[in-house]
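A quick write-up on the structure given underneath.
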Amino acid sequence: MNDRNILIAGNWKMNKTPSEAKALVRELAQRSGQGDFTCELLVCPPFTSISSAIDAAQSSALMVGAQNLHWEDSGAYTGEVSGPMLKDLGCSYVIIGHSERRQYFGESDDTVSKKISAAIRHGLYPIVCVGETLEQREAGQASDIVLGQLAGALTGFTSHELRSLVIAYEPVWAIGTGKTASNEQAQEAHNLIRNHLSDNFGLDFSKSIRILYGGSMKPGNARELLEQPDIDGGLIGGASLKADDFLGIAACAK
Ligand code: PGA
């Protein structure tokens, strides 16, 4: 056992209009209030639905975050959204460096690092995503890729600055594919990440940081994954879009 509180986070990606978000968050807020949930619950809607999600989550324990942010606070960056904007809306967390952002939108270790800095500056908890592709795993490079992404994201920060950090290990081959990492594969990667944190920032720090698993997590496989000693929650895509599935996963976090 450890003192890390399990975090079940929904990454809605580019799904749910403001009115759809309101309906889903209302249902989640109501049902999670009635249930016996010991974990923290977070949803990360698209920017345009954050406000209605926050309204609908009022007076519940459900938290709302964002899927991305810009590293500057304001300026001539057409189409971008900054940390102060998210903070002012009432966001508590922000996902940074998701593999879809790395793959389709040119996110690099350097932009990930700058975004972590922006999140910390504005009191947003960064959820920093790392993970290897199938080709990289098959070539025996999974550990090097994950460690390289971690170093690229976290080098230069102090453990004090990173105290609100959350890491999400998301093997790219498991995202949206229905293929989940086995419990052993996931635990091995989480342990590698925790050891990296320990080597670079100290043992106590490494024990305090939550490492989420992401990639086709569902009510049917969540319990075993969440029982692994270094898995402290989930970053859930597809299964976070339906209240039954999302709460089904949360119910496994005991
Ligand atoms: P998935 O997505 O649960 O649909 O595999 C996870 C993620 O991309 O965060």
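Brief remarks on what is shown
- Top-ranked residue in region 240-254 [being within 12 Å of the ligand (Cβ to nearest atom) and buried (at least 20 other Cβ atoms within 10 Å of the Cβ); ranked as nearest to residue 3 (Cα to Cα)]: 249
- Residue check, residue 66 closer than 26 Å to residue 251 by Cβ, modelled with pLDDT of 95 or more, surrounded by 16 or more Cβ atoms within 10 Å (Cβ to Cβ) and within 16 Å of the ligand (Cβ to nearest atom): yes
- Hey, residue 220 under 15 Å from the mean Cα position of the chain (by Cα) and either within 15 Å of the ligand (Cβ to nearest atom) or surrounded by 19 or more Cβ atoms within 10 Å (Cβ to Cβ) (or both) or not: no
- Residues satisfying the stated conditions in region 132-158, i.e. within 16 Å of residue 103 (Cα to Cα) and in a loop (DSSP other than H, G, I, E, B): 132, 133
- Within region 27-41, no residue that is more than 16 Å from residue 223 (Cα to Cα) sits with its Cβ atom under 6 Å from a residue that is modelled with pLDDT under 90 and in a loop (DSSP other than H, G, I, E, B) at 6+ positions apart or across chains.
- Among the residues of region 69-121, those identified as of a type in the set (A, V, I, L, M), within 16 Å of the ligand (Cβ to nearest atom), touching a helix residue (DSSP H, G or I) at 6+ places or on another chain (Cβ under 8 Å) and under 19 Å from residue 12 (Cα atoms) are 94, 96.
- Residue within region 15-22 that is touching a residue at least 40 places away in the same chain (Cβ under 8 Å), within 16 Å of the ligand (Cβ to nearest atom) and surrounded by fewer than 18 Cβ atoms within 10 Å (Cβ to Cβ) present: yes
- Options 10, 33; residue that is touching a Ser or Thr at 6+ places or on another chain (Cβ under 6 Å) and at pLDDT below 95: 33
- The helices (runs of 4 or more DSSP H) located wholly in region 12-131 that include 3 or more residues which are polar (S, T, N, Q) occupy 18-34, 47-57, 109-121.
The values are calculated or read from the model by the stated rules, or taken from the named source; none is laboratory data. Note that this is a predicted model, so its numbers are computed, not measured. Heads up, the Cβs are rebuilt from the backbone with ideal geometry, glycines too, and the neighbour counts pull from every protein chain shown.
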